[in-house]
Amino acid sequence: MAVLLLLVGVLCLGQAATAAGKAATAADLAALAAADAARGLAEGDPCQVAADLAARHGATLTTCKVLGAWADTVQVEVTVRTGLPWPAHGLARAGPPPER
């Protein structure tokens, strides 16, 4: 019985790690695409572009902020549903480096 519980625990950890990686990847790609739209390198509203790209990667856009003096930086947060009781979250920022 203890071995079975240990196996279930390991499987849950594996699923959580996979979901976290998926959320991080979706957030990175969504932020990059949205930053391109914010700078005019791609067409569309930056947050809508981010939401569309996140959805294509199985994630849901939860927050999107266009930042910076030139509105050329985007910060996004995405959520990925898992088979576990809690979702996985990813947070990413794309744009020029912050000024010091």
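The values are calculated or read from the model by the stated rules, or taken from the named source; none is laboratory data. Because the structure is a prediction, the values reported are computed rather than measured. All Cβ positions, even for glycine, are placed from backbone atoms using ideal geometry, and neighbour counts span all protein chains on display.
A few notes on this one:
- Residue match in segment 54-72 (condition: out of contact with any Cys (no Cβ under 6 Å at 6 or more places or on another chain), crowded, with 22+ Cβ neighbours inside 10 Å, in a helix (DSSP H, G or I) and not hydroxyl-bearing (Ser, Thr, Tyr)): yes
- Qualifying residue in segment 24-34 (condition: β-branched (Val, Ile, Thr) and either touching a Pro at 6+ places or on another chain (Cβ under 8 Å) or within 20 Å of THR63 (Cβ to Cβ) (or both)): yes
- If the condition is being out of contact with any Gly (no Cβ under 9 Å at 6 or more places or on another chain) and in a helix (DSSP H, G or I), then segment 35-50 contributes ASP36, PRO46, CYS47, GLN48, VAL49, ALA50.
- With respect to being at pLDDT 95 or above, among the hydrophobic types (A, V, I, L, M, F, W, C) and out of contact with any Ser or Thr (no Cβ under 7 Å at 6 or more places or on another chain), LEU61 fits the description.
- Looking only at segment 73-93, residues that are in contact with a strand residue (DSSP E or B) (Cβ under 9 Å, 6 or more places away or on another chain), farther than 10 Å from ALA27 by Cα and either of a type in the set (Asp, Glu) or assigned to a loop (DSSP other than H, G, I, E, B) (or both) come to 3 in all.
- Count of segment 2-48 residues which are small (Gly, Ala, Ser) and in contact (Cβ under 8 Å) with a residue 40 or more places away in the chain: 12
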